[in-house]
Structure formats: structure tokens, C-alpha cells
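Notes for the one structure printed next.
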Amino acid sequence: MNADLHKLIDLQQVDGRIAALQSEIAALPKEVAQIEAKLAGSKAKVEGAQAGLKADETARRKHESDIKDQQEKISKYRDQSLKVKTNQEYKALLSEIEHAEAEIARLEDKVLEIMVAADSRKEALKLAEATLKADTAENEREKEHARQQTAEDEKQLAELTAQRNGLRSGVSDDALRHYDRVLKLRGSAIAAVPDNQMCSVCRVILRPQVYQDVMKGEEIIACDSCQRILYFVPPPPNEEEAKEGKPPVAAVSHEEAAPADEAAAQ
Ligand SMILES: [Zn+2]
């Protein structure tokens with residue numbers, strides 16, 4: 001096989017892995033942001049439950065203080081009732097006392113309501129705190145995983161970049177220029193040609209002479225339709241394997257990954 005062609009096939013595999021790693025690295029901060037948002041939600045629930053309990057406590061104290069005020073009023077009215085001169089004044093004080101007693105009953109109901117609700121509020125707080133604890137631990141684990149993944153990806157990326165540079169330095173300028181141009185335009189620059197005589201990416205049937213030349217593999221040949229550099233993939237060695245649908249040995253697997261780009265380019 002043509003030396004450039006051989007290296008370009010490898011180069012496309014390396015470029016494909018680099019692109020996949022780069023998108024994985026780019027996606028990780030978003031994943032971390034989602035993890036953080038989930039934790040913030042759990043924290044907000046705990047804070048909400050705590051605030052609810054605190055508001056109830058404040059309201060209960062206010063009601064109790066109001067009850068005390070009403071009780072003081074009642075005892076003041078009772079004292080006054082001993083000194084009144086007329087029946088009318090006495091009735092007026094009695095009415096005030098009844099009014100204050102009704103107010104006390106209303107406030108006591110409210111205090112009771114708060115005390116009844118407190119149990120379920122405390123239960124909700126406990127639940128929210130347990131969820132927060134679990135989410136915090138999960139958050140740490142997932143962030144650690146993301147850190148390790150990024151470090152691993154970056155290490156692999158450095159290795160692949162070195163491999164890429166090595167491959168590129170061994171390819172002739174013309175072939176490299178063509179490869180780069182088509183890669184930029186279409187997302188992949190190399191296409192396999194199996195024995196159906198088609199460009200495996202754009203599905204156009206090659207002219208017989210072109211197919212012959214691709215089979216020989218002695219020179220760089222571009223697909224007339226999509227401009228990808230073509231290379232021949234021999235059929236599987238026996239019928240059995242062909243029936244089982246095993247892919248040809250040298251198939252470049254990520255070539256099928258650009259259908260949208262293909263449609264846009266034609
Ligand atoms: Zn093509």
C-alpha cells in the first residue's frame with residue numbers, strides 16, 4: 001500500500017479518538033455543574049425545612065405572648081368589675097372579658113396547630129438532612145470521578161497528539177493538505193471501499209478504473225463525489241464470516257459517524 005495512504009488511515013483513527021476525547025473533556029464541566037446543582041437543591045430543601053420550623057417557633061412564641069396579654073386584660077377587667085357603680089358598666093366589662101376569652105381560645109387553637117404540624121415538619125427536616133448527607137457523599141464521589149476522568153483523558157490526549165504529530169510528519173504535504181481540507185469540510189477524510197465498489201461513506205459507486213486503482217492502493221485516490229481518500233477493504237476470507245456479517249478487518253469504524261455532514265455537503 002502507498003505509504004501516505006497507510007499513515008492517513010491511521011491518522012484518521014487517531015483524529016477520531018482525539019475528537020471523541022475532546023468532546024468528553026468538554027462535557028465534564030457540564031456534568032460537574034449538574035452534580036453541583038443537585039446538591040444545591042438538597043441544601044435548599046434542608047434550609048427550607050429549617051426556616052419553616054423557625055417561623056413556626058416564632059409564631060408560637062408570639063401567640064403565647066398574646067395569650068398572656070389577654071389573660072392580663074381579663075384579670076384587669078375582673079378587678080375593675082369589683083369597683084363599678086352601674087349595671088351597664090359591669091355588663092360592658094363582662095363583654096370585654098368574653099371577648100378576651102374568645103381571643104385566647106383562638107390563639108390556643110393556633111398554638112395547638114403549630115405543635116401538631118411540628119412533628120411532620122421535624123420529620124421532613126430529618127429526611128431532607130439525610131438526603132443532603134447522601135447527596136454530599138455522592139457529589140464528592142462524582143467530582144472525584146470527573147477529576148480522574150479528566151486527568152486520564154488529558155493524558156490520553158497528549159499521547160494521541162504525539163502520535164498524530166508523528167503520523168503527520170511522515171505524510172507528503174499534498175496528501176496532508178487534501179486530508180485536512182476534506183476532514184474540515186466533512187468530519188472525516190478517509191473512506192473504505194469494500195467489494196461492492198462503493199465509497200462506504202457517500203455510497204456512490206466508483207467508476208471501474210477508479211475501483212481498480214483503489215484496489216491496487218498504490219496512489220492516493222479521492223472519491224469523485226465526496227473527495228474522501230479511498231482505500232480498499234478486501235472481503236472476509238470465507239463465506240461463513242460474510243454471512244455472520246463480520247466487518248472487514250481493516251474497516252474504519254467511525255466513518256459512518258457523519259451522515260448529517262454528508263447531507264449538508266452534497
Ligand atoms: Zn465518497
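Things to note:
- Selected from Ile220, Ile114, Ile229 as most flexible by GNM, with the chain as the system and alpha-carbon contacts under 10 Å: Ile114
- Dipole of the chain computed with +1 at Lys/Arg Cβ and -1 at Asp/Glu Cβ about the Cα centre; of Ser188, Thr86, Leu107, farthest Cα towards the positive end is Thr86.
- Dipole magnitude (debye, nearest 20) for segment 3-169, charges at Cβ of Lys, Arg, Asp, Glu: 420 debye
- Segment 155-217: proportion of alpha-carbon pairs further apart than 15 angstrom, %: 65 percent
- Result for the chain in a Gaussian network model with C-alpha springs under 10 Å: among Ala117, Ala130, Ala92, the largest mean-square fluctuation is at Ala92.
- Residue of Leu176, Leu157, Leu230 that the Gaussian network model of the chain assigns the largest fluctuation, springs spanning Cα pairs under 10 Å: Leu176
- Relative intensity of segment 47-113 on a log10 scale, I(q)/I(0) at q = 0.18 Å⁻¹, equals -0.69, per a Debye sum over C-alpha point scatterers of equal strength in the absence of solvent.
- Dipole of the chain computed with +1 at Lys/Arg Cβ and -1 at Asp/Glu Cβ about the Cα centre; of Val201, Leu157, Ile220, farthest Cα towards the positive end is Leu157.
- Annotation: segment 3-169 has a Kirkwood hydrodynamic radius of 22.8 angstrom, from the mean reciprocal C-alpha pair distance.
- Across segment 1-76, the fraction of Cα-Cα pairs farther apart than 18 Å, rounded to a whole number, is 73%.
- Potential extension, His99-Ala118 segment - 0.36 nm per residue separation minus Cα distance: 3.9 nm
- Hydrodynamic estimate: the Kirkwood radius of segment 75-159 over Cα pairs, inserted into Stokes-Einstein at 4 °C and 1.567 mPa s, corresponds to D of 67 µm²/s.
- In segment 90-139, the alpha-carbon atoms span a convex hull of 48 Å³ per residue.
- Backbone N under 19 Å from the Leu28 label point (7 Å along Cα→Cβ), restricted to segment 106-138: 138
- For segment 57-135 versus segment 147-173, the inter-centroid distance based on Cα atoms is 75 Å.
- Relative contact order of the chain, defined on C-alpha pairs under 8 angstrom at six or more residues apart (%): 26 percent
- Once backbone amide H atoms are built at 1.01 Å from N, Ile229 has Ile190, Ala191, Cys223 as its partners under 5 Å, excluding neighbours fewer than 5 places away on the same chain.
Every read-out reported here was derived from the displayed coordinates using simple, explicitly stated rules and does not represent laboratory data. Small disclaimer: the values here were computed from a predicted structure and weren't measured. Heads up, the Cβs are rebuilt from the backbone with ideal geometry, glycines too, and the neighbour counts pull from every protein chain shown.
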